Amino acid sequence: MTEGQTGQSDIAPTGDAAADAAQPVAAPATAEEIAAVLAGKASVVAPALEMRGITKRFPGVLANDHIDLEIRPGEIHALLGENGAGKSTLMNILYGLLTPDEGEILIAGTQVKLRDPNDAIKRGIGMVHQHFMLVPVFTVAENVILGTETMANPIFIDAHAADRRIRDLAKSLGFSIDPSAIVGDLSVGLQQRIEILKALYRGAKVLILDEPTAVLTPQETVEIFAVLRRLAAEGTSIVFISHKLYEVLEIADRITVIRRGKVVGHADPKTATEEDLATMMVGRGVSLSVEKTPAKPGDVALAVSDLSVADDQGSRVVDGCSFEVRMGEIFGIAGVGGNGQDEMVEAITGLRRPLSGQVKMAGADVTAHSPRDLDHRGLAYIPADRQRYGLVLAFPVDDNLALTDYHEPPFSNYGVLVDSAFHERAQKLIPEFDIRTPSDSVAVGTLSGGNQQKVIVAREFSKPIKVLVADQPTRGLDVGSIEFIHKQIIAKRDAGTAVLLVSAELDEVLELSDRIGVMYRGKLVTVIDAKDADKDRIGLIMATGRTGATSETEAP
Amino acid sequence: MPDATPSGLTIDTTKVPGIGTGGGRRGLLVTTILAIVLGLLLGAVLIVISEVMSGRGFDLAVPFKAYQALIEGSLKDARAIGSTLNIATPLILSGLAVTFGFRAGLFNIGGNGQFLMGAFFAAIVGAAPIFQGPLHMVLAILAGLLGGMLWGFIPGILKAWRGAHEVVTTIMLNYVAYLLLNELASRVFRDPTATFAKTRDVTADAQLPILIEGTRLHAGILVALLTAFLVWFLLFKTALGFEIRTVGINAFAARYAGMKAAFIAVLTMSLSGGLAGLGGAVENLGVTKGYPAEYIVNYGFDGIAVALLGRSHPFGVVGAAVLFGALRAGAGSMQRATGIPIDIITIVQAFIILFVAAEPVLRRAVPWLRSRRTPAASAAGA
């Protein structure tokens, strides 16, 4: 901590023009700190930021209930909570996007009012949103300096100075970046680092990261963690929002757990276990492993033979895949994201026309049949991209719950909608699937990610279904929601549904599946009985496409 | 539906106020009223300035006199109200046409061409002496609807079939319609007895009846109001409307849900064109009563303004069109009473639309509107 403190006083003078405004506020704190050090009280570290008794109400929801939060200089402070626990609301308050109903915010000991993000930025608070706020057609440099352009003269931006500063900043964080690269061409991991650069360029001393790993590959996660550790070592305080327990344990110095808008406790990552955190977060014991009985497979419900599919650019990303899913079993497909899983699922569910091959449901050829026909035949589908395919965010919850059968009775009579039927279904499904929403008439987009997913699950699971295709059913969800959705999937299996599960989370595939296939570069390289599955071996196949010593030579 | 043509043209109708954006209906109403008030205030400032510049001196009372005359001219008596509603009638239908497109994610700026087609079809059928009685009027109106639908169907099918962007095709068809109908009205269908090129007058049977004795208020307003109700019902109370709105906000989800986006595009463009054509029909059967070869209108673009102010809601469109109707009906008496040029009213309309478009700025500027926004803002959070 003392390292962090000296680090911070080192970094303070490097603040740019944007941070100048923050200096009058920061100065007394630094002075206080110096005074504290001089007085021999160096062990007492003044918090970089303090939130006291923050309360925020929305119609029907108490999003934040007297939350206290204290962030020390140079620490990585994890804010852990379920979807909808109030983490994002709290951070939006800190970033000036929302105004709290009660409570106060202190930055370096001085009470501040944050009316909008500009206020927050001026006071050294930076935020990296889960969905990036970058202009894809602009260069890295243009994105970073947007709104804080340093002018070479009254007409032209000093591009060279900006490039230099960006390079230096990136270097100090342990990576290199080309300031003239177009942001839209860069990987998600790099885009995220540009967001961090953007915040630092504006002089951020406290950096908020809202679920930064949700969009990253495991490798990118490792890289961003290295960047964050370096940042913290140099004195930047980091608020790390997440619901992934192992990540929080890995990266955080301190953990604050929030449940239903309240701080329910703090944890020390050195001593806490995932189970401890899960219990605090959900408020009850959560089983992190799935309990299920052995499958009783019946007839083949879904048969895919020699399926090849092209992606949007026309390249063949699924190459001759064949497999069968029987009633009452879960067939899991493991694989690193982007190995053709999404395209294959879209071909099976009628969203994408395959190049060749056949899809059969209960013996009937349904290749390239319309999504509606497949729906009538008993196919339920949880799409990987819930906000794009699964929901109409601007529509209310009740409309979304009837998104695929609005045209049938009881929802429609001779083409006229029956509002009461929509409402009735919503009133039945909302408690049944534990969807946390103020009412069924609020836009689905206002719900948390987990509750949005529950809306899809509720809709798809409440149909009479024979085949369930679940693509990344729990991506981005908290443990409580994951447990719930896993139980629902198992229950469907036990009721005789054939389940095709696709997930980039190997643990999820291993825990749920009865048989496991591994996809690598568009091919189903192996199919293993879950009983014989070994995590390390499957992980290796996912990474290399090689199924074992014997077939190593034939790997692509 | 954020879609891009090969040329890179991107129109995201989900950003149109009242469609994909949150904020709630009450918030929309408040900001709309605010936009109108601000538009009128800026108009008042402009009136004062124009008085000073025309050498009549600085007088803060002039805007009050002007607006008083404006209100009298549009609302004073049955005659004035009739005039307001007559002007509002084609604006309602043009606004509904644009709204209907917006709801399906389509930006129909071909209202002018569709209006002309509707007017022409109605004028030709209305002038044909083969029908008699009220049936003649009904047939003439339906002919106008059909003409507009035809002109909306073309960009619709081009979009569904080849992905041609409707903004490009509809605006081009505006010129095609004008020139084609100009040719037809001045040669093939020309009224030989008329001194200038126009089609024959519509027969008395086909004309829309006057609703109130002593005014010019014709039955077109009833057609417009009934249509507004039907459009509302179709959009919000039918399965087809559910599909149209889903396609409009999220075409991906529409496909997932088994909706046929291409079919919806063709149908919506056709109906949108039909609504504009209906506007042409009632204007022709109620006011113009014959198609002049050089018929220059601006209802297609007025319709966009009305749809924006009406927040893409059929009832909002009615309100917006009546407001614009009143402003236009009163503009003449304002000019007579105070000498303020009619053009001021056009500028006031433009200001109002500008404030509607600048809604996010309005919400930022006015604190108590900001706090209303928060439930929607939480969409990003929690």
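Laboratory data are not the source of any read-out in this text; all were calculated from the coordinates shown. All values derive from a computational prediction rather than experimental measurement. Glycine gets a Cβ as well: all are built from the backbone with ideal geometry, and neighbour counts include every protein chain shown.
Couple of notes before you dig in:
- Calculated FRET value between A:ASP276 and A:VAL222, using beta carbons and R₀ = 30 Å, to 0.05: 0.80
- Only alpha carbons enter this Debye calculation for the protein assembly as shown, each as an equal point scatterer, and the log10 of I(q)/I(0) it gives at q = 0.05, 0.08 Å⁻¹ is -0.37, -0.90.
- Spread over its residues, the convex hull of the C-alpha atoms of segment A:323-439 is 158 Å³ per residue.
- Shape category assigned to segment A:255-354 from the gyration tensor of Cα positions, a/c cut at 1.5: prolate
- Computed log₁₀ I(q)/I(0) - Debye formula, equal Cα scatterers, no solvent, segment B:228-273, q 0.20, 0.24 Å⁻¹: -0.60, -0.83
- Within the shell defined by Cβ-Cβ distances under 13 Å, the residues around A:LYS270 carry a net charge of -3, with Lys and Arg each +1 and Asp and Glu each -1.
- Temperature 4 °C, viscosity 1.567 mPa s: under these conditions the Stokes-Einstein estimate for segment B:199-352, based on its Kirkwood radius over C-alpha pairs, is 72 µm² per second.
- With R₀ fixed at 41 Å, the C-beta to C-beta distance from A:HIS266 to A:ASP306 puts the FRET efficiency at about 0.15.
- Dividing the radius of gyration of the alpha carbons in segment B:86-174 by their Kirkwood radius gives 1.04 for Rg/Rh.
- Extent along principal axes [Cα atoms of segment A:120-210; Å; largest to smallest]: 37, 32, 24
- Against the rule of thumb 2.2 N^0.38 Å, how large the Cα Rg of chain A comes out: 1.05
- Note on A:HIS131 and B:VAL287: the model spin-label points, each 7 Å out from Cα along the C-beta direction, lie 4.3 nm apart.
- Percent of C-alpha pairs per 10 Å bin, segment A:406-556, short to long: 9, 31, 29, 17, 10, 3, 0
- Spatial separation of Cα centroids for segment A:171-245 and segment B:149-206, in angstrom: 58
- Local electrostatic count at B:ASP59 - Lys and Arg +1, Asp and Glu -1, tallied over other residues with Cβ under 14 Å: +1
- Taking the convex hull of the alpha carbon positions in segment A:116-161 and averaging its projected area over all directions gives 4.4 nm².
- Fewest-first ranking of B:TYR299, B:TYR291, B:TYR175, using other Cβ atoms within 10 Å as the exposure measure: B:TYR175, B:TYR299, B:TYR291
- Prolate/oblate/rounded label for segment B:88-238 (Cα gyration tensor, a/c 1.5): oblate
- Exposure proxy ranking, count of Cβ atoms within 10 Å, fewest first, for B:ARG216, A:ARG372: B:ARG216, A:ARG372
- Among B:ARG56, A:ARG546, a tally of other beta-carbon atoms within 10 Å of each Cβ gives an order, fewest to most, of B:ARG56, A:ARG546.
- In a fully extended conformation the segment linking B:ASP77 and B:ASN298 would gain 76.8 nm over its present Cα-Cα distance, using 0.36 nm per residue.
- For segment A:48-95, the average shadow cast by the Cα convex hull is 3.5 nm², which is a quarter of the hull's surface.
- Tensor-based shape of chain B (alpha-carbon gyration tensor, a/c under 1.5 rounded, otherwise prolate or oblate): oblate
- Given in Å, the Rg to one decimal and the Dmax to the nearest whole number for the Cα atoms of segment A:148-283 are 17.7, 59.
- Debye log10 I(q)/I(0) at q = 0.13, 0.24 Å⁻¹ for segment A:377-477, Cα point scatterers: -0.41, -1.39
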